[in-house]
Amino acid sequence: DLNDHDPSTLAHSEGVAALAVAVGEELGLAPDSLRRLAVAGLLHDIGKLQIPPEILNKPGKLTDAEFATIKTHPQAGADILRNVGSFDEEIPIVLAHHERVDGRGYPHGLAGERIPLEARILSICDVYDALTSWRAYREPWPRERALALIESETGAAFDPACAEALLAVLRRDDAPVRLAA
């Protein structure tokens, strides 16, 4: 079970899914896209089952080889979902959730609109949730610091429309996660 393999993953996946659906709603996505976002959000890190737990839960900085191993999880996740079946619509989202709009992401170096919109949404929600959550290798960042990083990386790592929608969601009273007052 992935939660035993990497204890932070279950809460992270649930948080990413909820936030991604809220961002998708903010962007006016259709119900079928919102469903894909929810499912892909819950499953986006399933490929981490293929990553040794000593790498996933390493308290210090990863070596280049360890980071290269981590970077295999989107493809591994897509492969797992392909083998399970019934996830054809979510596979491209899971596969592309670490792509960057500037083309410097992984696994395929996709850029801009070549990255599915749902993956661009999932990417920014994934980063926000990861930064503001506890990890074996660091304390959670304050929301302001996470948002400053997102702002600085908008247009490079993150789609500007997705960043704007994320900020709008975080400011709402009914947000799955709220900005600090």
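A short reminder: the numbers here are calculations on the coordinates, not readings from a lab. Fair warning: this is a prediction, and the values are worked out from it, not measured in the lab. Cβ atoms come from the backbone with ideal geometry, glycine included; neighbour counts cover every protein chain shown.
Couple of notes before you dig in:
- Think of it as helices only: each DSSP H run of n ≥ 4 in the chain is worth -39500 (n - 2.57), and spread over all residues that comes to -16500 deg cm²/dmol at 222 nm.
- Summing Lys and Arg as +1 and Asp and Glu as -1 over all other residues whose Cβ lies under 15 Å from the Cβ of G109 gives a net charge of +2.
- Cβ-derived FRET efficiency at R0 30 Å, E139 paired with H108, nearest 0.05: 0.40
- Translational D in µm²/s for region 79-181 (Stokes-Einstein at 20 °C, 1.002 mPa s, Kirkwood Rh from C-alpha pairs): 147 µm²/s
- Under the combined filter of DSSP loop state and at most 13 neighbouring Cβ atoms within 10 Å, region 114-176 retains these trypsin sites (Lys or Arg not before Pro): R172.
- Highest-first packing order for the peptide set 64-75, 40-51 is 40-51, 64-75, based on the mean count of other beta carbon atoms within 10 Å.
- On full extension, the segment bounded by E153 and R171 gains 4.5 nm, given 0.36 nm per residue less the C-alpha separation.
- If R0 is 22 Å, the Cβ-Cβ spacing of Q50 and E89 corresponds to a FRET efficiency of close to 0.50.
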